[in-house]
Amino acid sequence: NDQLRLHDLATLAARAHVPTVVTNDVLFHIPARRILQDVVTAIRHNCTVEALGHRRERHADRYLKPPQEMARLFERYPEAVSRSIEIMQRCTFDLGQLQYQYPEERDDPALTAQDTLARLTWAGAAERYPEGIPPEVTQALHHELTLIGRLHYAPYFLTVHSIVRYARSQNILCQGREIWAKVGDA
């Protein structure tokens, strides 16, 4: 009943003076990714793919179709196809433009994230080595802090520090760099 439904929608849109576009209710970008949709559905339902049964996506055509295919499917609505192509051409977003921005985890807003990380690092080293920080550790910390600063990764490490600090406050196990330890015992 797709053609009847499309006709009814187009008639309703014309009566309301609303321009139409064509869509495809896309769930995956190519047909081969349908199994990934099944996996996502299984996760949502907290079951295995095999146990999905009727909850599995029934329509195998919910993938991103090329403009030619959309024009064929909606040949009775060329204006709607044209509007969709216009929207598509205006969408210039690229995933490469994304950059994750970590939340501010600084206790002292007067310090930069890098300064905060350095302060915490040297305080932790002094606590770990109460007799004095060995020269090789000092050298390694200087090297790592310089690298972290150059890559602008301090916010990431401050976020991890915040998570570990919370875990310790709740006596939750967490993973260190080299060993698993009960955080309260670390």
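The values are calculated or read from the model by the stated rules, or taken from the named source; none is laboratory data. Source: prediction; values computed, not measured. Methodologically, a virtual Cβ is constructed for each residue, glycine included, from the backbone with ideal geometry; neighbour enumeration extends over all protein chains shown. Ligands, DNA and RNA are excluded from the accessible area calculation, which covers all protein heavy atoms including side chains. Shrake-Rupley method; radii C 1.70, N 1.55, O 1.52, S 1.80 Å.
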Reported set for region 101-143 where residues are among the charged types (D, E, K, R), surrounded by 14 or more Cβ atoms within 10 Å (Cβ to Cβ) and either farther than 20 Å from Arg165 by Cβ or out of contact with any Lys or Arg (no Cβ under 9 Å at 6 or more places or on another chain) (or both) is Glu105, Arg106, Arg119
The one condition Phe74 fails out of (1) over 23 Å from the mean Cα position of the chain (by Cα); (2) without any contact (Cβ under 8 Å) to a residue 60 or more places away in the chain; (3) open to solvent by less than 50 Å² (accessible area, probe 1.4 Å) is (2)
- Assess whether Glu144 counts as being of a type outside the set (S, T, N, Q) and more than 23 Å from the chain's Cα centre (by Cα). yes
Of the residues in region 46-67, those that are open to solvent by 70 Å² or more (accessible area, probe 1.4 Å) and either modelled with pLDDT under 90 or not polar (S, T, N, Q) (or both) number 8
- Task: Check whether at least one residue in region 31-39 is free of Cβ contacts under 8 Å to residues at least 24 places away in the same chain, acidic (Asp, Glu) and exposed (fewer than 13 other Cβ atoms within 10 Å of the Cβ), and report yes or no.
- Result: no
Glu75 meets each of (1) assigned by the TED database to the domain that holds Pro31; (2) in a helix (DSSP H, G or I) with one exception, condition (2)
Taking region 89-104 and keeping only residues that are under 30 Å from Thr116 (Cα atoms), free of Cβ contacts under 8 Å to residues at least 24 places away in the same chain and of a type in the set (S, T, N, Q), one is left with Gln97, Gln99
Test Val18 against the stated conditions and say whether it is in the same structural domain as Ser84 (by the TED database), within 21 Å of the chain's Cα centre (by Cα), exposed (fewer than 12 other Cβ atoms within 10 Å of the Cβ) and not in a helix (DSSP H, G or I). no
